[in-house]
Amino acid sequence: MALRQNYRAMVFAIVAALINIAFAVWPAIPQSKGQGVFSWWSMLALVVSALYLIAAWYVDSRPSLSRTLLMVGAVSQALSSVLSGILLSPDGAIVSLGAMLVDLVPSALAFIGALMIRTTGIQHAR
């Protein structure tokens with residue numbers, strides 16, 4: 001049962017990574033306006049996407065590492081979301097909700113995936 005739940009967590013990690021990659025290369029996102037794919041936000045999104053994919057790869061063999069990678073990626077992406085919302089707000093006082101949602105959705109998916117990973121009770125077929 002724990003192994004099946006870990007595979008569900010793997011799906012969450014892959015979906016979070018694909019959403020990140022799509023937003024990072026899509027030019028209509030507020031964070032990448034004017035700078036394209038080489039903005040600090042896009043680079044961070046691509047690095048975090050790589051963390052999510054690495055975590056999905058190791059969910060079966062090293063669940064603790066996978067959980068740690070998902071948590072680190074989710075926290076860094078959530079902090080990036082708040083920073084992007086503050087920097088992109090028109091007057092500096094109101095946080096831009098649209099800019100934050102771009103990062104919060106994959107971050108939430110990765111966090112949920114990290115919480116789903118179980119390290120005990122996993123039996124591998126030999």
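The values are calculated or read from the model by the stated rules, or taken from the named source; none is laboratory data. As the structure is a prediction and not an experimental result, all values here were calculated from the model. For neighbour counting, all protein chains shown are included, and Cβ atoms are generated from backbone atoms with ideal geometry for every residue, glycine included.
The single condition from (1) closer than 13 Å to A45 by Cα; (2) modelled with pLDDT under 80 that L79 fails is (2). In region 84-125, of all residues being modelled with pLDDT under 70 and under 22 Å from S64 (Cβ atoms), the one that is surrounded by the fewest Cβ atoms within 10 Å (Cβ to Cβ) corresponds to A125.
Assessment of region 10-26 against the conditions (over 27 Å from M116 (Cβ atoms) and either at pLDDT 75 or above or not aliphatic (A, V, I, L, M) (or both)) yields at least one matching residue.
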